[in-house]
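Let me begin by presenting the structure, written as structure tokens, before commenting on it.
The values are calculated or read from the model by the stated rules, or taken from the named source; none is laboratory data. Bear in mind the structure is a predicted one, so any value in this text is a computation, not a measurement. Positions of Cβ are backbone-derived with ideal geometry, glycine not excepted, and every protein chain shown enters the neighbour counts. Heavy atoms of the whole protein, side chains included, go into the accessibility calculation; ligands, DNA and RNA do not. Shrake-Rupley method; radii C 1.70, N 1.55, O 1.52, S 1.80 Å.
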Amino acid sequence: LAERALQAAYPVLARMLGDESFAALARALWHATPPQRGDVAQWGDTLADFVAASPQLADDPYLADVARVEWALHSAASAADAEAQPATLALLGSHDLDALQLQLAPGTALLRSPWPVASLVRAHVDDGVTLPQAATLLRAGQAEDALVWRQGYRPQVRQVQPGETDFVAALLAGSSLGTALDAAPQLDIQAWLTEAVHSGLLLAAHPL
């Protein structure tokens with residue numbers, strides 16, 4: 001039961017570890033932090049910290065951040081629904097940016113990592129990155145901050161754009177659009193808005 005529950009939430013980690021090692025990890029986590037709720041699908045949020053503290057996995061320190069990205073994807077899948085309100089984006093041209101707040105998609109999360117976690121996850125789900133490409137980035141010690149959100153009903157992950165980490169972090173903290181832009185002077189906001197609307201990351205703009 002522990003193995004099935006974790007494999008649903010962490011399919012990439014399961015593939016990276018292999019069946020036997022992942023099964024042992026699932027059993028160990030179950031004994032260390034058993035479920036506190038009846039819904040076993042909600043169990044497993046402590047896996048990343050468990051992996052990070054495991055002496056057996058110390059040679060692969062990126063695995064913990066892979067698990068963090070996967071849990072964010074798993075959580076995004078069950079986040080409360082929210083509808084896009086594209087008409088509200090007209091406020092961007094008529095309101096002071098310090099008086100506006102952007103609404104991001106359900107389950108949006110930002111994960112900072114010294115490892116190429118977005119590429120590692122995407123490579124294992126055949127999402128535009130090959131395993132050799134991800135392996136090359138890993139050997140080079142390439143850091144990647146990962147952005148997770150839900151496009152419609154499908155959780156998504158990608159590497160953040162230049163300047164995007166601080167911008168999205170400010171939005172997630174409840175800052176105004178103006179404050180978020182001040183935190184990310186390198187961000188091309190026009191390009192970001194276009195891509196964010198197209199990808200379903202940005203749902204609406206609201207007056208504060």
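Descriptive notes on the structure:
- Restricting GLY128, GLY152, GLY107 to those that are of a type outside the set (Asp, Glu), touching a strand residue (DSSP E or B) at 6+ places or on another chain (Cβ under 7 Å) and at positive phi reduces the list to GLY107.
- Candidates in the range 160-173 are the residues that are at pLDDT below 95 and open to solvent by 40 Å² or more (accessible area, probe 1.4 Å); of these, the one that is farthest from the chain's Cα centre (by Cα) is PRO162.
- Tally of residues being charged (D, E, K, R) and within 24 Å of the chain's Cα centre (by Cα) across the range 8-36: 1
- Scanning the range 124-152 for residues that are in contact (Cβ under 8 Å) with a residue 60 or more places away in the chain and either buried (at least 16 other Cβ atoms within 10 Å of the Cβ) or of a type in the set (Phe, Trp, Tyr) (or both) turns up HIS124, LEU138, ALA146, VAL148, TRP149, ARG150.
- Among residues of the range 111-123, those that are outside any helix (DSSP H, G or I) and either open to solvent by 40 Å² or more (accessible area, probe 1.4 Å) or of a type outside the set (A, V, I, L, M, F, W, C) (or both), counted: 5
- The residues of the range 62-80 that are modelled with pLDDT under 95 and either surrounded by fewer than 14 Cβ atoms within 10 Å (Cβ to Cβ) or of a type in the set (Ser, Thr, Tyr) (or both), listed by number, are SER75, SER78, ALA80.
- Count of residues meeting criterion [touching a His at 6+ places or on another chain (Cβ under 7 Å) and surrounded by fewer than 15 Cβ atoms within 10 Å (Cβ to Cβ)] in the range 84-107: 0
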